[in-house]
Structure formats: structure tokens, C-alpha cells
1. Can you find even one residue in the stretch A:7-19 that is closer than 26 Å to residue A:133 by Cα and acidic (Asp, Glu)?
2. Return yes or no: is residue A:119 under 26 Å from the mean Cα position of the chain (by Cα), at positive phi and at pLDDT 95 or above?
3. Are any residues in the stretch C:28-64 more than 14 Å from residue C:194 (Cα to Cα) and at pLDDT below 95, and if so, which ones?
4. Look through the stretch B:1-34, keep the residues that are among the hydroxyl-bearing types (Ser, Thr, Tyr) and in contact with a Leu (Cβ under 9 Å, 6 or more places away or on another chain), and return whichever of them is nearest to the other protein chains (Cβ to nearest Cβ).
5. Could you run through the stretch B:118-128 and say how many residues are aliphatic (A, V, I, L, M) and at pLDDT below 95?
6. Out of all the residues in the stretch A:415-436, is one or more in a helix (DSSP H, G or I) and buried (at least 19 other Cβ atoms within 10 Å of the Cβ)?
7. Can you confirm whether the stretch B:92-106 contains a residue that is crowded, with 23+ Cβ neighbours inside 10 Å and touching a helix residue (DSSP H, G or I) at 6+ places or on another chain (Cβ under 6 Å)?
Amino acid sequence: MTHGLNQHPLEAARFVGNHERARWHDGALWFVRTKRDRAAASVPEWEQLREIASQIKGHLIARLPEYLEQFEERAVGLGAHVHWAADAAEHNQIVLKLLQQHNVKRVVKSKSMLTEECHLNPFLEQHAIEVVDTDLGERIVQMRGESPSHIVLPAIHIKKEEVGALFHEQLGTQVGATDPAYLTESARKHLRQKFLKADAGITGVNFAIAETGGLVVCTNEGNADLGVSLPKLHIACMGIEKLVPRAADLGVFLRLLARSATGQPITTYSSHFHGPRPAGELHIVIVDNGRSWLRTSEEFRRSLNCIRCGACMNTCPVYRRSGGHSYHYTVPGPIGSILAPATDARQHASLPFACSLCGSCSDVCPVKIDLHQQLLTWRHEIASRHLLPLSKRLAMRVGRFVLSRPRLYQWAGAAARLALRLLPRSILYHRWNVWGRQRDLPEAPRRSFRQLYRRRRHEQ
Amino acid sequence: MHAALFVPCYIDQFYPQVAFATIDVLGQHGVEVEFPAAQTCCGQPMANIGCSDDARPLAQRFLEIFQPYTHVVCPSGSCVAMIRHHYDGLLDESSELADLKEKTFELCEFLTDVLEIEGISGSFPHRVGLHQSCHGLRELRLGSCTERMDSTDNKIHRLLESLEGIQLTELRRQDECCGFGGTFAVSEEAVSTMMGLDRLHDHQEAGTEILTAADMSCLMHLDGLIQRQRFPMRVMHVAEILAGRPGSVPATEGGR
Amino acid sequence: MSSRSKILQALRARDVEAVELPNLDLAWVRYENPHQQFVSAVEAVGGSVVSVSRQGSLPETLAGLDVFAKASKICSLVDGVERANVDLDDVPDPHDLEDVDLAIVSAEFGVAENGALWVTDDAVRHRVLPFIAQHVVVVVGSDQILHNMHEAYQRLHFNQSGFGVFISGPSKTADIEQSLVIGAHGPRSLTALLTDSSS
């Protein structure tokens, strides 16, 4: 597997290489972006909501330890159990232990990017526990042995013919069937059995309310609720940043989340769990896994505002044309390109450069994370950690040398233009000229602006 | 009124007609332009690749060179965004820097905001497609973007629309990035090219004859594709359109 | 040191500049006709709305619904539904609700901006009911339609354990090539019945 600075470009080139598919993928995600635009336009106070949401998260993150303690106290007061995990490994151990204590062999899980981040599924499977992802998109990628390519639309990269073939193979649907309604119906039947037979349900947490000790889980399919309202054990996994201070804050976030994610006014279900259900058990696992480190950084702290809506991915012209898998990280796209290097800058060094700095991501982010600015900051970080190749560093050093000396700069410019005018196409467009693969180089004028300007002034 | 002309390095070397057009437009509206010859580059290419150490001395030079002037005008949104938004990260706080940020303008915003020009006289009876370069749009807020729900005055649009006979084409995606992105154009060549081709198809379907923008870097990338892939359109910088003619460069001396 | 202590200590080691918690008491969107907005919102998400007063009474309204007529196993948490034949008191295990065709539940209020209905497990033995049934009917007072989510949270108080959910329309998914399919894992339909205070 490639990693480091070449990784995303190579994967992206492969993705783009399948022109028809890349165009289809780009179109599908752009369509989601336009739905978001329409939904946002229907809310007169949209930009105000974004500002307020950003402030609520900023306030929360500044006082995070106090709010975490408040949340724990309230949640425990309601009868929930609260566990703390410093990292992914500990998270997995805690979940495993709980499942083993309750003799759980079969688990149903609703969408949780945190559990993806911790690679929970393979870990549990190693310990002979069946984990079924119940969100339809997640179930599809699980059945294919893949990871999700988008945090909200996990199967956005898959065509219905491929789903049809997959379901035929694994669920026994008709060969060649591609009708989404038919395929969804078969998935409904298949997953219903999983819900009914599950010994425990695991969910993520969209929002945890510090003031009340409650959890909010949002789905369109109803899979989280079916997953935790049948078996007795509910395990809810959350990152430390998922809190909101007050229940009233949910009014802001629930108005922003679904509109930003898919263009709906709200998800079909926004479930509020306060304590376990009668005769049931609720275990909340609070996870750090690098988030407290991000909080220490002035520049990257705001990435903790993220409510995992995916709007940045839908608007990112690069993500749409390279696909989520090209990022090789749990969370792809603009926000993923900020979070990934925080875990391993060397491995994920190409991600902050997988960006044309267009700034659209920052404009759609419901919690106003300065995404494109943080991507640029990561580039400075990567350079200062000496992770850029020698050729690039040398080129910049030479550039600075030349550009600091007007005479040298003019000479170099004249030489470059001369070369462009004189060299034959076979040399100019040799394969080392990456620019020149599909584009022509600019035509080189004989004289630069400043030469012509000097001449004109001389003549006057 | 006097203003210093800040000419981005690649315009100086490859697109002199854009700089001359800028001088013309300003001159037509009573602005006497001076070109401080010591200038070379604002440092953006270095900064964008993360090499702040290499960008810093160039930023410092720039600050000193343009310090004596009351206005600095530049036919490039991205270079102006570098000065106004990113020099803070490179240089220490100072009254000179604060001053520089306040007095440096992209050409179109200089016309609409400082000179308060409502419209440009002249005719340009062509189907023109405006490419909204990202830095100008999202950092300098030269116009509204489709993803934001607040509206901003569309400065470039307004100036172009005032020309007699001009027809601004309607695109499917009004403000998607062209894919230049600086070194991105080379380091992510596949995606960069696909993005550029998508823009050109959009313009082609919209009937664009002349593709324009306030940033020559976008146009350099798009023109490279137009030439190689033989799209039926040509590029002109906004300054050239507003000047009423493609600069005052005699045809034999280069330019197109 | 426990992970709890480690994490809290790591957070406390860093002083982060305070940001004021914003006041939410602002002039949020209000509708000239919240009732109409609610109906449009529910319909836009694939649900339907029927006004009970127009039909006469709750039983009469239900009788006119296709999902009611076709249902053989009906569980109603609302009184006065004669055909209801599943009583939660007789169902010790929520798994046994898997073949319920129709669930009739009540909502405390609805929200005009997004067609959401607030349903709780207050006095409900099995909160899985509105999710596991094939179809769901939600009864709500027509004078209990709030304008927006902020009003909703002003009304909600979470000072004891319990479960509540905003339900907006039937369950759905677009996970297969972005084609919207109504009826994912939850109910295939949602019908909101708006009652008068007299009904």
C-alpha cells in the first residue's frame, strides 16, 4: 500500500482513470450538495445558526473537562454506566469486556464513525462475536468486505448493479435485480432477523447533553432504535467532543445537521436516551484517542467542532473526483485530511495537499471550521517536520533565492521563455512534464511585461 | 489618484498584455499607475506548499517595496488574498503590515469599492463565461457563492454586465473550482485536469465564446486545456475585457 | 492512573481561551400558518396528515385509512380503538411485537418546520413499538403544533430517565445509488392524525 506524499495522487489518478465512473460519482455527490443548498436556503437564519453552532462548540471545547464531568454525573444519576477510554485499543477492550460479561454472541451496530476509527468490528470478530452493521449503506460495504467511503453515505461509490449482484450472492435475491426498492426490501427482511436475534446493540452518539446526561442518536432508517430497544444491553460510543452544554443547544444542531448532510430538514428519527430502559442496561464509552491533543493546538482545535455531517465532502471537488477510499482513513475529504495527519503525519502527508484550496468546505461547514485554512496549516507543519521530499524543498529554496534578486529573476524568466520558444515539443512535452500530460504550456512572449514597460517609458 | 501596480510574477513573464490592460483600465478612470520595478513575487507559491521560511523573506521584501504607496492594485485575486489574509502568518504585526493589508486591492474591487465605478463604458458584444476564481470569491468575497446563504455584491459580474452587448453565459455550476490550485495542478494532475475539463464542458454547453476570470492562473490552466483539447473558446483576463482591447501590446511582440 | 483521570488531566493541562455560550433567545422562524407548514413538511418527507375533526371521530378517521383497514395486528396506545388486539400489558417480551402491522401512538406535539412529532415512552411498556410496527399512526392535537425546534426544546424538560424521539415521516433510505426508498427498517408509512381538543 502506498503511503506518504504519493498516496492520494496515485489513488486519485486510478479513480479518475475510470472516467465514466468518476463522472458518475462526482455527479451523485454534487446532487447531494445541491439538496443541501436548497435546504439551507429554506432557513432564513441559516448563517446565524452556523455562527451560533460554532460558538456553542467553541465554548464547550474550552470548558470540556467540566462539561464531561457534568455529563458523567447526570448520566450515572439516570442509571447509565460511564466508561472512559484513552485510546482505540482501550475502547475496544471495554466494549469486548462488556459484551463478554453479558454473554453476547451477536451484536447489531448502527452508524458510528468512532467505532470505525477504533476498528471495533474486526476486533470483536477475532473474539468470536458477530457484528452486523445495520445502516443499509454500512451493511452493503460490510458484506463487500470494504470500509465506508463517506461518513454519511457509506455506499455512495457503489452502483445498484453491484448491490444487486452482492445481494444475489449473499441474500438470494433475483439475479440481475437492480431496483432499489426491491433490494432494500430484501435487506429489510435480512436485517430484521438480525435485530430480533441480537444480544446487544451498539450505537454511536450524535450529541451528548452535559446538562441532562442524555444521548441523541439520529438515523433515517430506524436501525439504531431497533438495535437497542430489543436486546437488553445498549453500548453507546462517543468521542469526548460530542457534547453539547444544554438540551436547548440541540435546537440549533438538529436544524443544521440533516440539512447539511443530505438536504433533509431533520433525520427521520432523532432519539433521545436518558438512562437505560427499564430492565435494560446503558453503557456509555467516552473516548479520547487523540482528541485531547487536537484541543491543545490553537490551529487545529476547531476541527473538534465537527458534527460529522459530511457536507465538506459533498462540496469538495477533489473528494468527488477521487472517492473516499483514496484517503486511506476512516474519515475522508477535507475534515479527514485534517484529522488523519494528526494521527500519523508521515503516512497521511499527501492529504493536506489533496486540495486546491478552493475554500468551499469552510463555507458549507455548519460549525464553521476553517477547514481550508487548517489544511494550509498542515502543509506548514508537514514542511517544518521535514516530511517534504528534497526535490520540493530544494525547488522552494531556489525559488526564494531567485525571487529575492530582481535581476536574477528577470534573467531566469527570460531563459525560461526562451527555452519554451526554442525547445522542440518532443522535449518540452516529455513525460517528466506532468503539467504537459493533458495541457499545453502557456505561450511564451518574447518580452516580459517589465521589459515592454521599460521600453515604453523610454520611448515616452 | 496614484496607485502602485503589483504584477504577479507569471503575468510579468507570460501575460504582459494583462498588466498593460490593467494600466489602461486604471488610466481610463483617472488613476496614474506606477510600477515599482524591484518587485518580483508575493511568496504565494512557497507559502502554499508549506515552506513559510522561503515565503517569509519574499513577503518582507514585498512589504518594503510597496510601503511608500497609498494604493496597491493587482490583477489577481489569489495574490491579493495572500497579502490580506496570509501575510499575518508570515510577518510580525506592524503598522506597515496593517497598512499594506488595507491598501492592497484586486483590480475589480478597486474599481467598485475605491473608485466607486458603477459601470464601464464600451461595448463587448460577445458571449462571455465568467469563471469565479476561488481566492477572489471566497477570500476576498468579490461575489456571492452558491453555498452561502448571505448575498454579496457581485463586483466582477457587475462590471462586465455594464458593457454594452455583452452576454454572460449561465453555467450549471457557477462557482466550482477550476482545479489549478498552485502546485496541486502538478501534484494531483489527474484530478486537476478532470476539474478543468469539467469547467470547460460546462462553459461549452453554456455557449461561452470567451472565458474570463480575475485570476490569470486559473486561465493559464484552463487555456492549457483549451489548446490541447481544442475547445471552441478562448480566454481573456477581465482586465483585457474592461480595457476595451487586449492591452496595448503590439501584435508582433507576443501575447496572443 | 485511570483513563478517566488521564483524560481529564490532559484536558486541564491546557488553558483554552473562553468563548461565551450564546444566548438562544432570538427571533427564530415563525410561520403564518404553522398548521399548513406542518402538513407540507410531513408530506415532503413521505408521510401523510389527516384531520380528525373533518372525519368526525378518531375511530371514523382510522376506519378510512388503508393501513388500518388492511392491518390484522394492531397495537394502540390511544384509547377508543376497538380493533386494537395487541395489548402491551400482555406482551412481556418486545421481540413478540415483530408481527405488529399497525401501531397507533400519540405525540405530545409536532414541529411545523420539519414535520417532526415528539413521541415518548412515558407509560409505554415497550418503546420499540413505533419502530417495529410495519406502519405507524401518530395522533397529535392540532393546537400542539410548534413553529420550530427551539420552541420544541423550550417545551421539553429532561429531568428524569426516559426515552423520547422526534419522528419525521416514515423510515427511509437512499443508500442504493441515492434512490429514495420509503420503508427501510422502521415503519413503511407514517400517518399523522390531527385532533381537535374536542376529539
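1. The answer is no, given that none of the residues of the stretch A:7-19 is closer than 26 Å to residue A:133 by Cα and acidic (Asp, Glu).
2. The answer is yes for residue A:119.
3. Matches in the stretch C:28-64: C:63, C:64.
4. Out of the qualifying residues, it is B:15.
5. Qualifying residue count for the region: 1.
6. Looking through the stretch A:415-436, at least one residue is in a helix (DSSP H, G or I) and buried (at least 19 other Cβ atoms within 10 Å of the Cβ).
7. yes
One line per residue, one yes/no per condition, for (1) in contact with a Lys or Arg (Cβ under 7 Å, 6 or more places away or on another chain); (2) under 24 Å from residue A:415 (Cα atoms):
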{"site": "B:1", "(1), (2)": "no, no"}
{"site": "B:4", "(1), (2)": "no, no"}
{"site": "B:19", "(1), (2)": "no, yes"}
{"site": "B:36", "(1), (2)": "no, yes"}
{"site": "B:60", "(1), (2)": "no, no"}
{"site": "B:105", "(1), (2)": "no, no"}
{"site": "B:112", "(1), (2)": "yes, no"}
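The values are calculated or read from the model by the stated rules, or taken from the named source; none is laboratory data. This is a predicted model, so every value here is computed, not measured. Cβ atoms come from the backbone with ideal geometry, glycine included; neighbour counts cover every protein chain shown.
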